[in-house]
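Participant: So that we are looking at the same thing, I have put the structure below in structure tokens.
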Amino acid sequence: MSSPKDLAAEFVAWLVGDSWRMISFGGSGVALEMIEDKSVILVTGGSGLVGQAIKALVEEKECQTEYSKKETWIFLSSKDGDLRNKLQTEAIFEKHKPTHVIHLAAMVGGLFHNMAHNLDFLRENMSINDNVLYYSYKTKVRKVVSCLSTCIFPDKTTYPIDETMVHNGPPHPSNYGYSYAKRMIDILNRLGESHQIIVRLRDSTSRTLR
Ligand SMILES: NC(=O)c1ccc[n+]([C@@H]2O[C@H](COP(=O)([O-])OP(=O)(O)OC[C@H]3O[C@@H](n4cnc5c(N)ncnc54)[C@H](OP(=O)(O)O)[C@@H]3O)[C@@H](O)[C@H]2O)c1
């Protein structure tokens, strides 16, 4: 199982990748140049387990490169606004004007919580995802990285799994609501014709969810 720190490194690598563009490609290799814009990276669910791991990584001294000085990182908690609410989500995007979003905020729970509140898991997470991805799309955020989870994959599947297999059959009934809300992130991204990227947390099964 990857540690939260490894997962955080994966997220940051995706973002750094977006900060460079290829200016030539040939026999002598590939030349890249840095995109000079200032980046504002908004982390929804920034007070949670994964969000705090990303924050620790960003604050590590060895991550303080010349480039990172051009980044502003915002770690949100639910105290900054309820992402189930359209107006509050819109206000967050207007206030911070993010160029990048790492979307972690979610109603997360363990097996018995999921089984007892499947409808709430569906509705709350659908609202959060719809609002965050819609305002990212509307405000032309350059890249959004969203978290899936291995527990949302088809109950009957073959291993290894990857994100192309996410819609290939129903999830386990114990977490129907959570799973279908997560799966809709992929649909929202596709329909938004965006360049958003989905990252699946590779380590987790429903056992590791809290
Ligand atoms: N941890 C895992 O093992 C695991 C495995 C697979 C997938 N994931 C996915 O990874 C992501 C992060 O998980 P995590 O373990 O870091 O979760 P977590 O510790 O439970 O944190 C959840 C975060 O979401 C925020 N949040 C919840 N409802 C909100 C709302 N209505 N409005 C605004 N913010 C809200 C919480 O804010 P407050 O702190 O203010 O409540 C918190 O920052 C989630 O999308 C989860 O589904 C996690």
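The values are calculated or read from the model by the stated rules, or taken from the named source; none is laboratory data. Every value quoted in this text rests on a predicted model; they were computed, and no experiment measured them. We place every Cβ from the backbone using ideal geometry, glycine too, and count neighbours over all the protein chains shown.
Participant: Looking only at residues in the stretch 185-198 that are surrounded by 17 or more Cβ atoms within 10 Å (Cβ to Cβ) and closer than 25 Å to D120 by Cα, which one is modelled with the highest pLDDT?
Facilitator: Narrowing the stretch 185-198 to residues surrounded by 17 or more Cβ atoms within 10 Å (Cβ to Cβ): 185-186, 188-189, 194, 196, 198.
Still in the running and closer than 25 Å to D120 by Cα: 185-186, 188-189, 198.
Values: I185: 94, D186: 91, L188: 91, N189: 87, I198: 48.
If we take residues in the stretch 185-198 being surrounded by 17 or more Cβ atoms within 10 Å (Cβ to Cβ) and closer than 25 Å to D120 by Cα, then I185 is modelled with the highest pLDDT.
Participant: Of all residues in the stretch 94-136 being free of Cβ contacts under 8 Å to residues at least 60 places away in the same chain and among the small types (G, A, S), which is nearest to L148 (Cα to Cα)?
Facilitator: Per the stated criteria, the residue is S127.
Participant: Which of the residues that make up the stretch 162-175 are more than 20 Å from the chain's Cα centre (by Cα) and within 16 Å of the ligand (Cβ to nearest atom)?
Facilitator: Within the stretch 162-175, P171, H172, S174 meet the criteria.
Participant: Continuing with the same structure: Here is a list: K97, K138. Which entry is modelled with pLDDT of 95 or more and away from the ligand (no atom under 14 Å from the Cβ)?
Facilitator: After ruling out the rest, the residue left standing is K97.
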